[in-house]
Amino acid sequence: VDLRGNLGYILPLRAVKVGAMLLVAVAVGLSTLMFQIVTANRILTPSIMGYDALYLFIQTAVVFALGGSALATAPAAGKFAVEVLLMVLLSGLLYRWLFTGGTQSLHLMLLVGIVLGTLLRGASSLLQRLMDPSEVIILQDLFFASFNQVDPVLLGVSAAVVGVIAAAAWRLRHTLDVLALGRETAVNLGVDHRRIVTWVLVMCSVLVAVSTALVGPVTFFGLLVVPLGYQLCRGYSRRWLLPAVCLLGAVALIGGQLVLEKVFGFDTALSILIEFAGG
């Protein structure tokens, strides 16, 4: 909209930004939909497991220990890899405890995730109070998702990972339909419930980790697009819901960016607009 000047310079920049939005739309939409299926709860998102809190704690701990300049000059690829690895490791430990422990309670795992998220947010807040105010200002930009400084190489790597998981989710669409009927019904219909739930949770953790490490946290975005998908789709077949939530996410992010630029003149953050509309 209103493109002026050298298109050869402008279009590649816009393409990276729009590509990041599409990737986040797919990652957050799919992860939220699949997470709600395995937890049998439509008001939960993978963020409840503490991914956003862990991401913010990593940024805060780095600035607290090494200073804001260390965070700004850190190699983008290395920083991305460490953040994804730590977030996937956290979820892996929770899932291993869930499926090898004595309780095997999904609700207990969710409760532990909430407690860990609260603990990490508290630790981040404590470290920020001990910091120099100028370094806290550096951190504040990381507390909201940003699509303006996405590394094209990392975007390509993230797109490959999300593409593979999206293809796997599409192959599981019929199994997800059965899984949504409940554990007992799914087992009676021949679904290996423990294996499928473990695989779905792993996919959700990787999708959220990649999305968060690439652009930052988008906490309530999934709670906006997935319920809209249920409202707009006739029936609950995942062959319609899976693409619907991805497309709705793309409309919300790209439309929100347009409103941010043309109405608010970049005076706020896209994630604030999305969460306000979602609320």
Please go through the stretch 130-142 and pick out each residue that is surrounded by 12 or more Cβ atoms within 10 Å (Cβ to Cβ) and closer than 20 Å to Ala269 by Cβ. Glu135, Val136, Ile138, Leu139, Asp141, Leu142
State all residues of the stretch 171-188 that are assigned to a helix (DSSP H, G or I) and not polar (S, T, N, Q); if no residue qualifies, say none. Arg171, Arg173, His174, Leu176, Asp177, Val178, Leu179, Arg183, Glu184, Ala186, Val187
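Go through the stretch 136-156 residue by residue and tally those that are under 20 Å from the mean Cα position of the chain (by Cα) and in contact (Cβ under 8 Å) with a residue 24 or more places away in the chain. First the steps, then the outcome.
Taking the stretch 136-156 as the starting set, the residues that turn out to be under 20 Å from the mean Cα position of the chain (by Cα) are 139-156.
With in contact (Cβ under 8 Å) with a residue 24 or more places away in the chain added as a condition, the list becomes 139, 142-148, 150-155.
Counting residues in the stretch 136-156 that are under 20 Å from the mean Cα position of the chain (by Cα) and in contact (Cβ under 8 Å) with a residue 24 or more places away in the chain gives 14.
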Please state which one of Ala252, Ala213, Ala169 is small (Gly, Ala, Ser) and under 27 Å from Ile58 (Cα atoms). Ala213
Look through the stretch 143-170, keep the residues that are outside any helix (DSSP H, G or I) and open to solvent by 40 Å² or more (accessible area, probe 1.4 Å), and return whichever of them is nearest to Pro75 (Cα to Cα). Asp151
Given (1) in contact (Cβ under 8 Å) with a residue 24 or more places away in the chain; (2) open to solvent by 10 Å² or more (accessible area, probe 1.4 Å), where does Asn41 come up short, assuming only one miss? (1)
Selection from the stretch 258-279 of residues within 18 Å of the chain's Cα centre (by Cα) and of a type outside the set (Gly, Ala, Ser) yields Leu270, Ile272, Leu273, Ile274, Glu275, Phe276
Here are Ser124, Ser134, Ser91: which of them is closer than 25 Å to Ala20 by Cα and modelled with pLDDT of 75 or more? Ser91
Counting just the residues of the stretch 68-78 that are in contact (Cβ under 8 Å) with a residue 60 or more places away in the chain and surrounded by 14 or more Cβ atoms within 10 Å (Cβ to Cβ), which one comes out nearest to Leu207 (Cα to Cα)? Leu71
Checking His193 against (1) surrounded by 12 or more Cβ atoms within 10 Å (Cβ to Cβ); (2) out of contact with any Lys or Arg (no Cβ under 9 Å at 6 or more places or on another chain); (3) modelled with pLDDT under 90, only one condition comes out false. Which one? (2)
What is the one condition in (1) closer than 18 Å to Ala209 by Cβ; (2) assigned to a helix (DSSP H, G or I) that Ala65 does not satisfy? (1)
Answer with yes or no whether Val202 is open to solvent by 50 Å² or more (accessible area, probe 1.4 Å), part of a helix (DSSP H, G or I) and within 19 Å of Ala27 (Cα to Cα). yes
Within the stretch 48-67, residues being more than 17 Å from Gln140 (Cα to Cα) and open to solvent by less than 20 Å² (accessible area, probe 1.4 Å) number 3
Going by what's in this entry, would Leu127 be described as part of a helix (DSSP H, G or I), open to solvent by less than 40 Å² (accessible area, probe 1.4 Å) and out of contact with any Asp or Glu (no Cβ under 7 Å at 6 or more places or on another chain)? yes
If I filter the stretch 171-183 down to residues being surrounded by fewer than 16 Cβ atoms within 10 Å (Cβ to Cβ) and at pLDDT 90 or above, which single residue comes out as farthest from the chain's Cα centre (by Cα)? Leu181
So is Val28 open to solvent by 40 Å² or more (accessible area, probe 1.4 Å), part of a helix (DSSP H, G or I) and aliphatic (A, V, I, L, M) or not? no
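The values are calculated or read from the model by the stated rules, or taken from the named source; none is laboratory data. Values in this document were obtained by computation on a predicted structure and should not be read as measured data. Reconstructed Cβ throughout: ideal geometry from the backbone, glycine too, with neighbour counts over all protein chains shown. Calculation scope for accessible area: heavy atoms of the full protein, side chains included, ligands and nucleic acids excluded. Shrake-Rupley method; radii C 1.70, N 1.55, O 1.52, S 1.80 Å.
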